[in-house]
Amino acid sequence: MRINKDLNEKIEGFSGDLSYLAKLLLKEVEAGKKSNTQIEAMLREEIREIVMEDEA
């Protein structure tokens, strides 16, 4: 799909961690197996880990 191609190109332009989170989010949304609440919790945990790594 053209939309996904354009979106993937934009995501590739993001910085490392932001690109990783955007790809993870897109993957989970496309899979459709998790609820919004589960996806939010997963993203919060990923962000928490990134912040902890940056602080170390």
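The values are calculated or read from the model by the stated rules, or taken from the named source; none is laboratory data. Treat the numbers as computed from the prediction; the structure is a model and nothing was measured. Glycine also receives a Cβ, built like all others from the backbone with ideal geometry; neighbour counts cover every protein chain displayed. Surface accessibility is based on the protein's heavy atoms, side chains included, excluding ligands, DNA and RNA. Shrake-Rupley method; radii C 1.70, N 1.55, O 1.52, S 1.80 Å.
Whole number in Å², please: accessible area per residue of the chain, 1.4 Å probe, ligands, DNA and RNA not counted.
82 Å²
As an exercise, identify the trypsin sites (Lys or Arg not before Pro) in the chain lying in DSSP coil whose Cβ has no more than 15 other Cβ atoms within 10 Å.
Here the trypsin sites (Lys or Arg not before Pro) that fit, given the DSSP loop and packing criteria, are 33, 34.
With a 1.4 Å probe and all protein chains left in place, how much of the accessible area of the chain comes from carbon and sulfur atoms, in whole percent?
Exposed carbon and sulfur together represent 55 percent of the surface.
Per residue, how big is the convex hull around the C-alpha atoms of the chain? Give it to me in cubic angstrom, could you?
Hull volume normalised by residue count: 63 Å³.
Report ³J(HN,Hα) in whole Hz for each residue of region 17-33, in order, from the Karplus equation J = 6.51 cos²θ - 1.76 cosθ + 1.60 where θ = phi - 60°; Gly and Pro get x.
In residue order, the calculated couplings are 5, 5, 4, 4, 5, 5, 5, 4, 4, 4, 4, 5, 5, 5, 5, x, 9 Hz.
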